[in-house]
Structures are given as structure tokens and as C-alpha cells.
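As C-alpha cells, the structure follows; a few thoughts come after it.
The values are calculated or read from the model by the stated rules, or taken from the named source; none is laboratory data. Source: prediction; values computed, not measured. Backbone-built Cβ (ideal geometry, glycine too); neighbour counts: all protein chains shown.
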Amino acid sequence: MKTIKIITTIILVSLVTTSLFAQKKKTEKKGSKDEITVQVDGLGCPFCAYGLEKKMKELDGVKAFKIEMESGLTTFTYPTERKISIEDVRHQVTKAGYTPMSLSIKRADGSIEESKYETHEVDYTANQTIEFEVAGNCNMCKGRIERAAMGLYGVANANWNKRKKIIKVEYLDTEVSEKQIHQVISGAGYDTDKMIAFEDVYNSLPGCCQYKRMNADLITPFEEKNSVDNVD
């Protein structure tokens, strides 16, 4: 009888210990954090940083949020149990008006998920160079303007000067036209000296990017001079 009581006691102690251990593991798992790192292009001022932080914190659970203004490196933690995804983070950064150039999530278990902004490979040689005026305010505008132009196949290089408000574009005129370059930049929300951006696109720009609009009456009528013009 005494032996049976001892065995029963051992079993009960074992069950309690196992239950407490399982509960502890569950609590540890529940409290674990994923570490998110995003390289954001175009952060030009504290207002930009505030806008990005506000948008990211729409994801309830964001903690330890930090931004390095010079590099655009943004980091924060997020509860592992909520299973944040690359697409979740990318969506919030894009909603804030920025482009995530690179993005990584280090999971609590040590695994890492990564994503990088993809651009087309230049497999041609530019034969034309043009310069024209593009309105804009800040480094975030610069990134958006240049990415719009570089997104066209046939554009080898694009560089917008923030101070002079002039963009220099190198391109292959058998693949893309000057008119198409103006169209894609105005389509991104930026007035050029030959095309005015749509009002709704301009209004969707972040506050610090809403530049002084060009006078539509002073816009130079566009004259197509190149051999390619597939966009009306």
C-alpha cells in the first residue's frame, strides 16, 4: 500500500512538473519577438520619418521602432505569434509613400526571410541624353522621380537634381521615347516642363512632397522627336 502511494505521488509530481514546463514554454513562445529591418529610400526630413513611423505603427504590436535618417535604415520588433510577413511590411512602407529597397525579418527561431527591390537589368547602350525640369521638394521626391524613369525599359540612367529641379536621363531611343519618360514621371505625381501631373495623384503624395505646382498655361507643348512612341 505504501509503495502504491509513493508511485502515485511520483506520477502526480511528474505531471505537475510537465504541465509547468509546458506552460513556461508556451509563455516564452508567446512573448518572443521577430526583428524587422527595412532599408527605406527617400527619407529626407523628420516629417518623413514621423509619417513612416505612424504608418508602420498601424500594425498593432510594433515596438522598439528606430529610424536612421541618413541611411534610411528602419528597425522594429513584432510579436512572433502574430506572424508578420514580408508583404505586410512592404505594404505599410508603400502606403507611407516610400519604397522598401531591402527588407528582412529575423524570426525568433533564428530563421531569416529577405526581399530586395528589383530593377530591370540594363542590357543595352544609351544613345540619347536629355535634361528637363521636374518639380519636387525632397530626397523622397528624388527617389520617386528617378525610379519612375528607371522603370522604363530603354532608360539606362536617371538623376534628378533637387536644387536645380532638373533631371538628366540617358536612354536608348529605339526602345523608349522622350514623351514616354515625361509621361511616366508625371504619372508618379510630378509636373514636368511638358506635362502636368493629375491632381489626385499629386494629392496622394506625402505632405513634404507636395511641391509648388507648375503653371499649366506656361507648359511647353510636347513635340515628339524620337522614333519610339507607344504611349498616347
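Here are the numbers for the structure shown:
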| item | result |
| --- | --- |
| Meets criteria (surrounded by fewer than 20 Cβ atoms within 10 Å (Cβ to Cβ), among the acidic types (Asp, Glu), free of Cβ contacts under 8 Å to residues at least 12 places away in the same chain and assigned by TED's automatic domain parsing to the domain that holds Glu53) for Glu87 | yes |
| Number of positions in segment 59-82 that are touching a Ser or Thr at 6+ places or on another chain (Cβ under 8 Å) and crowded, with 16+ Cβ neighbours inside 10 Å | 5 |
| Positions within segment 184-209 being of a type in the set (Asp, Glu) and surrounded by fewer than 20 Cβ atoms within 10 Å (Cβ to Cβ), in sequence order | Asp193, Glu199, Asp200 |
| Considering residues of segment 98-126 that are loosely packed, with under 13 Cβ neighbours inside 10 Å and polar (S, T, N, Q) only, the residue farthest from Tyr202 (Cα to Cα) | Ser111 |
| Filter result for the condition that a residue is within 16 Å of the chain's Cα centre (by Cα) and at pLDDT below 85, over Glu118, Glu114, Glu146 | Glu118 |
